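Below: one structure, written as structure tokens.
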Amino acid sequence: MFISLSAWAGDTQATETTKVAAAQPPDWLMNANTYLIAFVVIILLATILALYRSSLKLLKKITSFCFIMFVSGSAFAAEEAAPAEATKVTAIQPPDWLLHTNTYLIAFIVFILVVTIVVLFKTNMKLIRMIAPHAFDDEKQTAEAGAVSGVKNRETFMRKVYLRLVDSVPVAKEQDILLDHDYDGIQELDNNLPPWWKWGFYITIIAAVIYMLAYHVTGTGKLQAEEYADELAVAAKQKEERMKNSAENITEENVTVLVDAAEIAKGKDIYEKNCSACHMADGGGMVGPNLTDSYWLHGGGVKNIFKTITYGVPAKGMISWQAQLSPKQIQEVTSFIMTLHGTKPAAPKEPQGDEWKDEPAAGATATDSAAVATTAEAVKK
Amino acid sequence: MTIEKFRYDNKIVAMFAWATVIWAIVGMLVGLLAAFQLPFPALNFDAHTTFGRIRPLHTNAIIFAFVGNGMFMGIYYSLQRLLKARMYSDVLSYIHFWGWQLIIVGAAITLPLGITASKEYAELEWPLDIAIAIVWVIFGINMFGTLVRRRERHLYVAIWFYIATVVTVAVLHIVNSLAIPVTLFKSYSLYAGVQDALVQWWYGHNAVAFFLTTPYLGLMYYFLPKAANRPVYSYRLSIIHFWSLIFLYIWAGPHHLLYTALPDWAQSLGVVFSIMLLAPSWGGMINGLLTLRGAWDRVRDNPELKFYVVAVTAYGMATFEGPMLSLKSVNAISHFTDWTIAHVHIGALGWNGFLTFGILYWLIPKLFNTSLYSKKLAGIHFWLGTLGIVFYAIPLYWAGITQHFMWKEFTEDGVLRYPNFLETVVQVVPMYKLRALGGSLYLLGSLVMVYNLIKTARAGKMVANEDAEAPALEKNYVAHDDHWHRWIERRPAQMLIGSLIVILIGGMVEIIPTFMVKSNVPTIASVKPYTPLELQGRDIYVREGCYTCHSQMVRPFRYETERYGEYSKPGEFVYDHPFQWGSKRTGPDLHREGGKYPNSWHYNHMLDPQTMSPGSIMPSYAFMIDDDLDTTTTAAKIRAMQKLGVPYPEGYDAQANKDLMKQANSIASNLEKDGIKVMGNKEIVALIAYLQRLGVDIKAEKTTASVN
């Protein structure tokens, strides 16, 4: 694309260069198109920057994406669990940085950057050549002379490798390989298959064979069901760790009402995002029942509400939220819902279920029922 | 050696050229409407212009109307000259032209009416499918007649590609479109579920291969060396990349179904053949770009060469990206996101669009015996188009990656960070706006081209029949060249059979076992046929093109099963004629939708999605609440399903409507409990019935298993 851009630039260049022929600065500096191209590049960069800003918080994940490109989805998940095990078994510890995923990530990014810079540099040189054809006259002539006479001029190692990989008959000598084909004036050359292309093709074929063997013969590669099982195992392990670490693990058995205003506010936020669609923002109910009255379909009180939210009542259309909300979040939203009791919604739904009385239920701790009582009292006032 | 005089038919070429130009603008306008509908849902004006109906109209218009006519334009021009012969029959040429345009008009009428088979890029219903097959065969006869009457001994590489195109598109179209008609405007795919998905993506992927790629490679091989006035870089490369391309392409379809319920072995074949496809695809790019060696200076002055260079480069980029997206780990990221949309538009806008524009800039002056009205305007078009592509693609790549990471992120507590799918939609809406801007730029550039071309045509006079002369082919030809491939280049029929065999292998190896070997789709006893009401509801789902935004395929990833429920099993889709897995999630997956929300939620959500999901970009389907369900078709639908092997009891068609009303009334009374008054005979009730059925059967299996 860059090449063609510069080609377009050449459009008007012909007329302009004749005008500024006497000027001393290099052609490309005087050419309006150079600035046009620079402008476009700036526009592009600005666009990219704008995009970058608009979802800044995702940037971290995007960098890791480059990494995942090479590792299968679940292998990435397994990555997190692996180092923990490794530390246990290995006696000789490699340096930390070698074990760290970020090291490879950074190395990869640096590599990509270097490649990009090289490509940009090459493109730039080509660009300059197109806009100002005489900028590298000396070099060009020697190169051409070399091609025609076969004199090996300035043949660096890299150039030799390059020529080997391309294996192309120079334009000046193409008469030698011109076939006698002529289709409506179109002729054909008989260049060899570019070796880099040919070997690339072979490599993909070999890769394909290895892939099929690994996944379907030797069983080295994990198919999707197995990958999924691994992923679940990792998650289960993580959950176990969490359980161990969290001193007070909240369940419907031990959940209490939160009274802290900040926590209630969090609950309100969760409610508005997830619950208001069915129960309305003011709790008056629509698809779901009214949450402000004293009647409950599946039992009132903190424990029942927590349980209903956690597991849902699929038969009645209440979905389970345990996959989407953590126990702590469910506690918060439960606590918020309890503050709704006795409020006056705009369009309350008729009462459903049985009346629930805030009596100190059996098994509840003193503080628990006290908290409920306070909330209820506060609401009554 | 006698020199024969004959005349090339330029009029048919000009007709196809103007059709290309007109449909390009129409197709892009429809695409632009779809692009603006995403950030601005108010643009879903009524039932006929909802995104679900507009999007298939856009894809069909671009593929079959714009690129299709562009292909015919290029083939009718180049074929005559490469064979030194007029088209075989003018009558066939005109039947081909007008037949094709009528089919397009038919598509433009039926798709907004919701008459659709819902298979991507094969949405047209069975009468139009038959028309396509007939017109396509007429095109084939016309081409082979010309081949027989040729005055050129050997077939040029462009013609190999044309032959492969004709034969493969015929095979793909016919096999994928096989269906049992129910009414004039409704049919059921012959295949169900996993098998339907495999056949569809075998077709879908090869629509890209043999409708958007091989004919256009053929065009490149004619128009690029013509414009550059340079010999083709390598004849040997042409041979190798042609045969390897058509052989490998046909296998790659399953890469559209990675991590789905498609059997693992078929997925793996899709992966490896996509990887191997990289080199053959790039073979075309290399041969094109290297043909420009020594002519790069001409790229400055030739508007058409500029377009060709970007087109071939875009082809190279898209065909590199394709194999990368076929790697399972990358596909896990890109699939169902906007990344795929960005990818195809590099191909459509860059490769097909720019190549067509380049040909038009070269061809119209030739046909009208004049020179291009304004090179400067062509330059402006080039820039607007290029910027359009950039502004189109970058935001969508960004959106795609954003979607993926938001879908899969877990909090430290082990729950989804963005459990509400809507959050992931709202996040990318700004990208949709930028994409629409990119599309607008591209369209603007195309309008500049239309003006330029009209001015050019006005300045000249069309040469309807161009005089030409060439010696007739000698009867007793003795081959004197030694390259083995020259043999088949003298034999169009063998070329046809050769390509047919080559393209059949891959399809057969993948499709036949998936149908024959039972273990590929293990039966689930609890999966039962749809009730008549659910079946009618499903057909509404199909009619509305819900699949354009909602998948029905929960992939085996923890972040999907946590969000949607158990991952989808092959046995769950055995009664799905056609399958509705979808390929894009603008909204959430619906395979486990059944029982998730109460009926009243669905009712309110279809009436006005924004009330139930503030910020949603889904169109309103309020018309389903007013429209009566057409129950006259129920019996015929049941009978058609029985023919397809769906085990409804004998004679069930007679009592299906009784069951239908019973179920409908029970849903209506359930809605009434929530204060919603709706008659049981409305479309919305059927749709709710279907949505509530989605993905629930397998749960019964679980219950029985645990009871045992």
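The values are calculated or read from the model by the stated rules, or taken from the named source; none is laboratory data. Remember, predicted model here, so these are calculated numbers, not experimental data. Quick reminder, even Gly has a Cβ in these numbers, built from the backbone with ideal geometry, and neighbours come from all protein chains shown. Remember, those area values only see protein heavy atoms, side chains included, never the ligands or the DNA or RNA. Shrake-Rupley method; radii C 1.70, N 1.55, O 1.52, S 1.80 Å.
Within the stretch B:209-224, is even one residue within 22 Å of the chain's Cα centre (by Cα), open to solvent by 10 Å² or more (accessible area, probe 1.4 Å) and closer than 28 Å to B:ALA117 by Cα? Yes.
Looking for whichever is at pLDDT below 90, within 14 Å of another protein chain (Cβ to nearest Cβ) and open to solvent by 50 Å² or more (accessible area, probe 1.4 Å) here; the options are A:LYS357, A:LYS344, A:LYS328, A:LYS349. Which one fits? Before the answer, list the steps.
Working: A:LYS357 fails: within 14 Å of another protein chain (Cβ to nearest Cβ); A:LYS344 fails: within 14 Å of another protein chain (Cβ to nearest Cβ); A:LYS349 fails: open to solvent by 50 Å² or more (accessible area, probe 1.4 Å).
Within the list A:LYS357, A:LYS344, A:LYS328, A:LYS349, the selection yields A:LYS328.
Here is a check on your reading of the model: is A:ILE264 closer than 12 Å to A:GLU332 by Cβ and either touching a Leu at 6+ places or on another chain (Cβ under 7 Å) or among the aromatic types (Phe, Trp, Tyr) (or both)?
On the way: closer than 12 Å to A:GLU332 by Cβ: yes; either touching a Leu at 6+ places or on another chain (Cβ under 7 Å) or among the aromatic types (Phe, Trp, Tyr) (or both): yes.
Spelling it out, A:ILE264 is indeed closer than 12 Å to A:GLU332 by Cβ and either touching a Leu at 6+ places or on another chain (Cβ under 7 Å) or among the aromatic types (Phe, Trp, Tyr) (or both).
Just checking, which of B:VAL330, B:VAL429 is within 30 Å of B:SER551 (Cα to Cα) and either among the charged types (D, E, K, R) or touching a residue at least 24 places away in the same chain (Cβ under 8 Å) (or both)?
From the options B:VAL330, B:VAL429, the qualifying one is B:VAL429.
Once the stretch A:201-240 is narrowed to residues that are among the basic types (Lys, Arg) and loosely packed, with under 14 Cβ neighbours inside 10 Å, the residue that is nearest to the other protein chains (Cβ to nearest Cβ) is A:LYS239.
Can you name every residue in the stretch B:452-492 that is surrounded by 14 or more Cβ atoms within 10 Å (Cβ to Cβ), assigned to a strand (DSSP E or B) and among the acidic types (Asp, Glu)? Once the filter is applied, which keeps residues that are surrounded by 14 or more Cβ atoms within 10 Å (Cβ to Cβ), assigned to a strand (DSSP E or B) and among the acidic types (Asp, Glu), the stretch B:452-492 yields only B:GLU466. Among the residues making up the stretch B:61-87, those that are open to solvent by 10 Å² or more (accessible area, probe 1.4 Å) and of a type in the set (A, V, I, L, M) are B:ALA61, B:ILE62, B:ILE63. It is to be established whether one or more residues within the stretch A:225-232 are closer than 23 Å to B:ARG592 by Cα, free of Cβ contacts under 8 Å to residues at least 12 places away in the same chain and touching a strand residue (DSSP E or B) at 6+ places or on another chain (Cβ under 7 Å). Scanning the stretch A:225-232 turns up no residue that is closer than 23 Å to B:ARG592 by Cα, free of Cβ contacts under 8 Å to residues at least 12 places away in the same chain and touching a strand residue (DSSP E or B) at 6+ places or on another chain (Cβ under 7 Å). Scanning the stretch A:293-318 for residues that are assigned to a loop (DSSP other than H, G, I, E, B) and buried (at least 22 other Cβ atoms within 10 Å of the Cβ) yields A:ASP293, A:GLY300. Of everything listed in (1) more than 30 Å from B:PRO598 (Cα to Cα); (2) in a helix (DSSP H, G or I), the single unmet condition for A:GLU272 is (1).
To keep it simple, each residue is scored yes or no on (1) in a loop (DSSP other than H, G, I, E, B); (2) at pLDDT 95 or above; (3) farther than 21 Å from B:ALA117 by Cα; (4) within 14 Å of another protein chain (Cβ to nearest Cβ).
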position: B:TYR541; (1), (2), (3), (4): no, yes, no, no
position: B:GLN552; (1), (2), (3), (4): yes, yes, no, no
position: B:GLU562; (1), (2), (3), (4): no, no, yes, yes
position: B:SER568; (1), (2), (3), (4): yes, yes, yes, yes
position: B:PHE579; (1), (2), (3), (4): yes, yes, no, no
position: B:GLY594; (1), (2), (3), (4): yes, no, yes, yes
position: B:HIS605; (1), (2), (3), (4): no, no, yes, yes
position: B:THR611; (1), (2), (3), (4): no, no, yes, yes
position: B:ILE638; (1), (2), (3), (4): no, yes, no, no
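Could you please let me know if B:ALA158 is outside any loop (DSSP other than H, G, I, E, B), buried (at least 23 other Cβ atoms within 10 Å of the Cβ) and among the small types (Gly, Ala, Ser)? Yes. Looking across the stretch B:315-336, just one residue is hydroxyl-bearing (Ser, Thr, Tyr), buried (at least 20 other Cβ atoms within 10 Å of the Cβ), in contact with a Phe, Trp or Tyr (Cβ under 8 Å, 6 or more places away or on another chain) and more than 14 Å from B:PHE273 (Cα to Cα), and that is B:TYR315.
Evaluate the following for B:ARG538: is it out of contact with any Cys (no Cβ under 7 Å at 6 or more places or on another chain) and more than 30 Å from B:THR631 (Cα to Cα)? In short, no. In the set (1) open to solvent by 10 Å² or more (accessible area, probe 1.4 Å); (2) in contact with a Leu (Cβ under 7 Å, 6 or more places away or on another chain); (3) among the charged types (D, E, K, R), the condition left unmet by B:ASP90 is number (2). Can you say whether B:ASP626 is within 26 Å of B:LEU184 (Cβ to Cβ), acidic (Asp, Glu) and out of contact with any strand residue (DSSP E or B) (no Cβ under 8 Å at 6 or more places or on another chain), as far as the supplied structure shows? Criteria not met by B:ASP626. Within the stretch A:182-194, the set of residues being open to solvent by 10 Å² or more (accessible area, probe 1.4 Å) and either assigned to a loop (DSSP other than H, G, I, E, B) or more than 7 Å from every other protein chain (Cβ to nearest Cβ) (or both) comprises A:ASP182, A:ASP184, A:GLY185, A:GLN187, A:ASN192, A:LEU193.
Reported count of residues in the stretch B:356-393, each being surrounded by fewer than 23 Cβ atoms within 10 Å (Cβ to Cβ), in contact (Cβ under 8 Å) with a residue 40 or more places away in the chain and at the interface with chain A (Cβ under 9 Å from one of its Cβ atoms), is 6.
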